[in-house]
1. Anything in the stretch 236-269 that is farther than 26 Å from Arg356 by Cβ, of a type in the set (Gly, Ala, Ser) and either away from ligand 2 (no atom under 13 Å from the Cβ) or outside any loop (DSSP other than H, G, I, E, B) (or both)? List them, or say none.
2. How many of the residues making up the stretch 148-184 are in contact with a helix residue (DSSP H, G or I) (Cβ under 7 Å, 6 or more places away or on another chain) and either among the polar types (S, T, N, Q) or part of a helix (DSSP H, G or I) (or both)?
3. Quick one: in the stretch 203-235, which of the residues that are among the small types (Gly, Ala, Ser) and within 19 Å of His353 (Cα to Cα) is nearest to ligand 2 (Cβ to nearest atom)?
4. Return the pairs, sorted by first residue and then second, in which the second residue is within 14 Å of ligand 1 (Cβ to nearest atom) and not in a strand (DSSP E or B), the first residue lies in the stretch 254-277 and is free of Cβ contacts under 8 Å to residues at least 40 places away in the same chain, the beta carbons are less than 7 Å apart, and the residues are 6+ apart or on different chains.
5. Please enumerate the residues belonging to the stretch 222-235 that are assigned to a strand (DSSP E or B) and either small (Gly, Ala, Ser) or touching a Cys at 6+ places or on another chain (Cβ under 8 Å) (or both).
6. Give the residues of the stretch 270-289 that are more than 16 Å from ligand 2 (Cβ to nearest atom) and closer than 30 Å to Asp319 by Cα, sorted by residue number.
7. Against the definition (among the aliphatic types (A, V, I, L, M), away from ligand 1 (no atom under 11 Å from the Cβ) and either assigned to a strand (DSSP E or B) or on the phi > 0 side of the Ramachandran plot (or both)), how does Val276 come out, yes or no?
8. Answer yes or no as to whether Tyr220 is in contact with a helix residue (DSSP H, G or I) (Cβ under 6 Å, 6 or more places away or on another chain) and over 19 Å from Ala81 (Cα atoms).
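The values are calculated or read from the model by the stated rules, or taken from the named source; none is laboratory data. Being a predicted model, the structure only gives us computed values, none of them experimental. All Cβ positions, glycine included, derive from the backbone under ideal geometry; neighbour counts span all protein chains shown.
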Amino acid sequence: MLQQLGQRLGDVVMRAAHLQSELFRACGQARRIGEHRSQRSTAAPVICTCPESEVSERCDGTERCPQKGVVKQVASKLVQALSEKGLALLVNHGIPDCKLKAVYRAMDEFCELPEESRNKYERVSPSNHGYVKPGMERMNENETEVRHSFNVLGSCDSMPDKEVPGFSTAVADLSRDLKQLTTMLLTALAVGLEQPPDFLLSKHAKLLEQGNESTLRLLYYPPLGAPEPGFTRCGSHYDYGTFTLLAQDCEGGLEVQTPHGERWARVGHLPGAILVNSGEILNCWTNGALPALKHRVVVPEHCGRGRHSIAFFVHPDDDIEVEPFDAKLVKAQEPAPCRLQKKKKGVLTAYQHLQRRFRETYAS
Ligand SMILES: O=C(O)CCC(=O)C(=O)O
Ligand SMILES: [Fe+2]
């Protein structure tokens, strides 16, 4: 009898502890991403890219956590998040806020220059490097997209340092950290897909060098007042590459359509987090197992301020082909049509795919 009672008490205590930890987890998650505030917000999975035991004061983007342990912990969470939601919020990623803010400031100063100074750095097709003024790029035809972008390719050196001292230093500092984070994520993704650790890395061997179109894009969306028909910040689209890392200020406006949902949902702002979302090439490689995320940036109703964001578009090396990997890799998936394959003539390379998208979206 006493033994039975003891057992029951033990069970109750265990259950209470379990419920408490569930509650803490749920509260932490909700508090962090503010998902409970609006029905239209999406619950973006939060992934810590530096295990708790490794987080230290010194983890500021230059001090990295040991790769091996991190990769294992991130791998399955990342694959699950990208397959179910197409996105995740990365925390403890090691990229200090001050490096992001330095780039926001550099872009602010660039946008304050007179138009003729800005135009000296204009993007000239087919290169993707350089300044893109408002209205020059359209993700869809019906709306004018009001944003300034400065695309930075690792292999190009035309930078407005004369007009904005420190521009390239701020960009280089951040790019170095983003490349390091990307290396870890590509390794984790490969491991999560049950492939050798360097399976995806080897397809991105020239990241930020000649022969690879990965791009750091600085974005500034000027204040527009209230939403107005015919104008938006960024039309709905999929990113073109493997995945994108996105940092944003607290202005808001980013909306996503998760793979199995039709409605647009806001992504709550989690200070310091970096969003990762899958792009068209990852979608194609995995035959839809890791679907590309449709997203857009709307003008918030209350909009009184400008919005800053930084996107790091991760692309495979130019000559890598865009076709589904071996069927074994994407087992148990419905065969989803890969929209990137060229009819009959074979497959596109990463570079050809990108150029095709640029022809569709850039005015010149
Ligand atoms: O500014 C943003 O938050 C998103 C930008 C974006 O989606 C893009 O440039 O592809
Ligand atoms: Fe995008």
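1. Ala247, Gly252, Gly261, Ala265, Gly268
2. Within the stretch 148-184, residues that are in contact with a helix residue (DSSP H, G or I) (Cβ under 7 Å, 6 or more places away or on another chain) and either among the polar types (S, T, N, Q) or part of a helix (DSSP H, G or I) (or both) number 8.
3. Of the stretch 203-235, the ones among the small types (Gly, Ala, Ser) are 205, 211, 214, 225-226, 230, 235.
Filter again for within 19 Å of His353 (Cα to Cα), leaving 205, 211, 214.
Values: Ala205: 24, Gly211: 23, Ser214: 14 Å.
Residue satisfying both the conditions and the ranking: Ser214.
4. Gln257/Trp264
5. Gly235
6. Once the filter is applied, which keeps residues that are more than 16 Å from ligand 2 (Cβ to nearest atom) and closer than 30 Å to Asp319 by Cα, the stretch 270-289 yields Cys284, Trp285, Thr286, Asn287, Gly288, Ala289.
7. Considered against the rule, which asks whether it is among the aliphatic types (A, V, I, L, M), away from ligand 1 (no atom under 11 Å from the Cβ) and either assigned to a strand (DSSP E or B) or on the phi > 0 side of the Ramachandran plot (or both), Val276 comes out as yes.
8. It is true that Tyr220 is in contact with a helix residue (DSSP H, G or I) (Cβ under 6 Å, 6 or more places away or on another chain) and over 19 Å from Ala81 (Cα atoms).
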